[in-house]
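The values are calculated or read from the model by the stated rules, or taken from the named source; none is laboratory data. It should be emphasised that the depicted structure is a prediction, and the values quoted were computed from it without experimental measurement. Here the Cβ is made from the backbone with ideal geometry for all residues, glycine too, and neighbour counts use every protein chain on show. For the accessible areas, the whole protein counts, side chains as well, though only heavy atoms, and no ligand, DNA or RNA atoms are used. Shrake-Rupley method; radii C 1.70, N 1.55, O 1.52, S 1.80 Å.
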Amino acid sequence: MNYPTELIKEAKQRMNNRPVEGFVAGQGSLEPKIMFVGEAPGKNEVENHIPFSGQAGKELMTCLEKLSLTRADVYITSAVRSRPYSTVERVNKRTKKEEVVHPNRTPTKAEVFAHAPILDYEIATIKPELIATLGNIGLQRLLGKDYTVSKNHGQLYVGPILELNKQKTHYEWSKDTYRLLPLFHPAAIFYNRSLTPLIEHDWETLEALIHDTKKGNSE
Ligand code: URA
């Protein structure tokens, strides 16, 4: 999506020199069957500017294919649009020399808050019929910390979501009602293979919801 230049400038200012790099815009259909909200881009994404284009992205694309969907049918974004990194000093095992590396890390609450105007803008522009959050960061950005993936995955939520107030100083509940399905982050499977049946079941739920949306539109 093309964001207003002011919005990107504002998000950068709100980030206030926290350790993040690059900027990856949300991407896909502006009339999507579903809007996915992930966590933050990683190394691959800041290099090629395509959300979910790394290992987790491959997993996400496999799930989409099973529903006969492609990137072009959906909109993909995340709570934070820059790559949060940490700084680690270590000894390189091969060269035995000291080095400094910058691995990906989970975004902080402050970073999610800094980029909140962007996600609010995307949701206001697209007015998605269905939102699916991928992981806890996207879920808690929109529904608050009482919601967790382990507790709420695969259960459709219908109600207001959290958005910034007019002054952009805190979150408040939206006037509009949304349909939101919490899903595991696609990378979850790399750490815990036993989640496979749960994840498959959640995606079947998603498929049924997309089907319901279509039926609703044609009635
Ligand atoms: N995880 C996310 O949440 N977004 C990406 O673009 C990649 C990985």
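General observations
Conditions tested, residue by residue: (1) within 16 Å of the ligand (Cβ to nearest atom); (2) under 19 Å from GLY26 (Cβ atoms); (3) in contact with a Cys (Cβ under 6 Å, 6 or more places away or on another chain).
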site	(1), (2), (3)
ILE137	yes, yes, no
TYR147	no, no, no
ASN152	no, no, no
ASN165	no, no, no
TYR171	no, no, no
SER174	no, yes, no
HIS185	yes, yes, no
SER194	no, no, no
GLU204	no, no, no
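- Number of positions in segment 62-95 that are open to solvent by 60 Å² or more (accessible area, probe 1.4 Å), charged (D, E, K, R) and away from the ligand (no atom under 13 Å from the Cβ): 6
- For segment 112-134, the condition holds for at least one residue, the condition being that it is within 15 Å of the ligand (Cβ to nearest atom), polar (S, T, N, Q) and modelled with pLDDT of 95 or more.
- Set THR169, THR177, THR205, THR196: member being of a type in the set (Val, Ile, Thr), on the phi < 0 side of the Ramachandran plot and surrounded by 15 or more Cβ atoms within 10 Å (Cβ to Cβ): THR205
- Just one of (1) of a type in the set (Gly, Ala, Ser); (2) free of Cβ contacts under 8 Å to residues at least 40 places away in the same chain; (3) surrounded by 15 or more Cβ atoms within 10 Å (Cβ to Cβ) fails for ALA132. It is (2).
- Where GLU10 falls short, out of the listed (1) within 13 Å of the ligand (Cβ to nearest atom); (2) in contact with a Pro (Cβ under 9 Å, 6 or more places away or on another chain); (3) open to solvent by 30 Å² or more (accessible area, probe 1.4 Å): (1)
- Only residues that are open to solvent by less than 60 Å² (accessible area, probe 1.4 Å) and more than 16 Å from the ligand (Cβ to nearest atom) were counted across segment 96-105, and they come to 2.
- Considering segment 145-160, the residues that are under 19 Å from ASP120 (Cβ atoms) and in contact with a strand residue (DSSP E or B) (Cβ under 6 Å, 6 or more places away or on another chain) include one that is surrounded by the fewest Cβ atoms within 10 Å (Cβ to Cβ), namely PRO160.
- Scanning segment 21-61 for residues that are outside any loop (DSSP other than H, G, I, E, B), near the ligand (Cβ under 7 Å from one of its atoms) and free of Cβ contacts under 8 Å to residues at least 40 places away in the same chain yields a single hit, GLU45.
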